[in-house]
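**Student:** Below: one structure in structure tokens.
The values are calculated or read from the model by the stated rules, or taken from the named source; none is laboratory data. All figures in this text were calculated on a predicted structure; none of them were measured in a lab. The accessibility values were calculated without ligands, DNA or RNA, using every heavy atom of the protein model including side chains. Shrake-Rupley method; radii C 1.70, N 1.55, O 1.52, S 1.80 Å.
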Amino acid sequence: MTIHSGDVFERARTFIYSSARLLDRMRFAYLFEKGSKEKVLQALRAYQNEDGGFGHALEPDMRCPDSQPVATEVGLYILNEVKSCDTEIFDGVLSYLKSITLSGGGLPRSTTRVNDYPHAPWWITEQDDIPSINPTGSIVGMLMAQNARIDFYDEPWFRSHISFLWNCLEENLPNDFHDAMQWIPFLEHVEKVTGQDTERVNHYRAILDHWLSGPKGIERDENAEGYVHKVLDYAPEPKSYASRIVSDEEVNRHLDWFISTQQEDGGWGISFPSVSVANEQEWRGWLTVERLKILKAYGVLNL
């Protein structure tokens, strides 16, 4: 692994301030320039609807203004990123999630309202009432990670999600990266919430670890092309769940690959088709912040 000069960071900073959306500029400022947490939250609030969920292309592939489960997943991700349990935002999220909890537990992957606006083809939705592990696992995991809020853990709607997720793990292996990233936060936090399930958690961790190490799991080749998910997608920081499954040599190769793929304008590119010019630019701003977080976590940037 090479320790790089501030040039990588400064080029990325120029890209962020010239081309990223306001939310990602505020995230960058908070994470790297001692910026204000409240300014991140202020920018985030613009994406939250009256029902408490998030929309308005917070997830850039969905241009729908209406609340969507995956956009709400992104909202929770940002709350955790800035270590905030803002009562107004968080209570809204809980209210929205209760309202879309399906009978038997689980959240829909998206609602049919997404079809009424430009969207990536993989978000075409025919029914609102089919529960999906994606994004239920990630959302439940992030809710459980909110240590300051435990008052909803015993509510029937929340417990129904836990039961649904255990059933998902019992019935199917992950299909891809996106499924695996639903297993991980759930298994990392469910034992703390239930106060039991140690043996069950260890059983499914072993299954997940085997999948991550297999042909459908972590892509070890840093030069692999197309829509693949590589070592640092699964292990974005040294304490990540998947870190024990990858070697230091693999991590170092992928960190150097990150540096080599920084584009001339200072940002990083996406590996999937874009919906529009704005969609691509929004993803690039998000991705550039994420790449800088990874480089910082592994001590690559000389900041």
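**Student:** Throw me the Rg/Rh for the stretch 13-144, computed over C-alpha atoms with Kirkwood Rh, two decimals.
**Tutor:** 0.98
**Student:** Running Debye on the stretch 149-195 with equal point scatterers at the Cα sites and no solvent, what base-10 log of I(q)/I(0) appears at q = 0.20 Å⁻¹?
**Tutor:** Scattering profile of the stretch 149-195, log10 relative to I(0): -0.71.
**Student:** Additional query: Report the Stokes-Einstein translational diffusion coefficient (µm² s⁻¹, integer) for the stretch 109-219, Rh taken as the Kirkwood radius over Cα pairs, at 10 °C with viscosity 1.306 mPa s.
**Tutor:** The Stokes-Einstein estimate is 104 µm²/s.
**Student:** So, one more: What's the extension gain from S18 to E249 if we count 0.36 nm per residue and subtract their Cα-Cα distance? Don't jump to the answer; show the numbers that get you there.
**Tutor:** Numbers: separation 231, 0.36 × 231 = 83.16 nm, distance 3.47 nm.
Full-extension gain reported as 79.7 nm.
**Student:** Subtract the Cα-Cα distance of K296 and S163 from 0.36 nm times their separation in residues, and report this length gain in nm to one decimal.
**Tutor:** Result for the pair: 44.2 nm of gain on full extension.
**Student:** Given the DSSP H assignment, sum -39500 (n - 2.57) over each helix run of at least 4 residues in the chain and divide by its residue total; what's the result at 222 nm in deg cm²/dmol, nearest 500?
**Tutor:** -17000 deg cm²/dmol
**Student:** Under a cut-off of 22 Å between alpha-carbon atoms, report the lysines in cross-link reach of K239, not counting same-chain residues fewer than 8 places apart.
**Tutor:** K83, K192, K230, K293, K296
**Student:** Something else now. Using the C-alpha atoms of the chain, what convex hull volume per residue, in cubic angstrom, is computed?
**Tutor:** 130 Å³
**Student:** Something else: Which whole number in µm²/s is D for the stretch 60-100 by Stokes-Einstein, with the Kirkwood Rh taken over Cα pairs at 10 °C and 1.306 mPa s?
**Tutor:** 146 µm²/s
**Student:** Moving to a separate point now. Per the 1.4 Å probe, what fraction of the accessible area of the chain, in percent, lies on carbon and sulfur atoms?
**Tutor:** Looking at the chain in its full context, I get 49 percent from C and S.
**Student:** Can I get the semi-axes of the stretch 151-303's equivalent ellipsoid? Compute them from the C-alpha gyration tensor as square roots of 5 times the eigenvalues, in angstrom, largest first. Write down the numbers at each step before the final one.
**Tutor:** Working: eigenvalues 196, 69, 50 Å².
Equivalent-ellipsoid dimensions as semi-axes: 31, 19, 16 Å.
**Student:** Ok, one more. Please report the spacing between the Cα centers of the stretch 13-41 and the stretch 218-254 in Å, no decimals.
**Tutor:** 26 Å
**Student:** How big is the stretch 198-281 in terms of Cα radius of gyration and Dmax, in angstroms?
**Tutor:** Using the Cα atoms of the stretch 198-281, the pair Rg, Dmax is 15.5, 50 Å.
**Student:** Percent of alpha carbon pairs in the stretch 1-82 separated by more than 22 Å? Mind showing how you got there, number by number?
**Tutor:** Values: 1094 of 3321 pairs.
The share of Cα pairs beyond 22 Å in the stretch 1-82 comes to 33 percent.
**Student:** Let me ask something else. Write down the accessible area per residue of the chain in Å², having rolled a 1.4 Å probe over the full set of protein chains.
**Tutor:** 46 Å²
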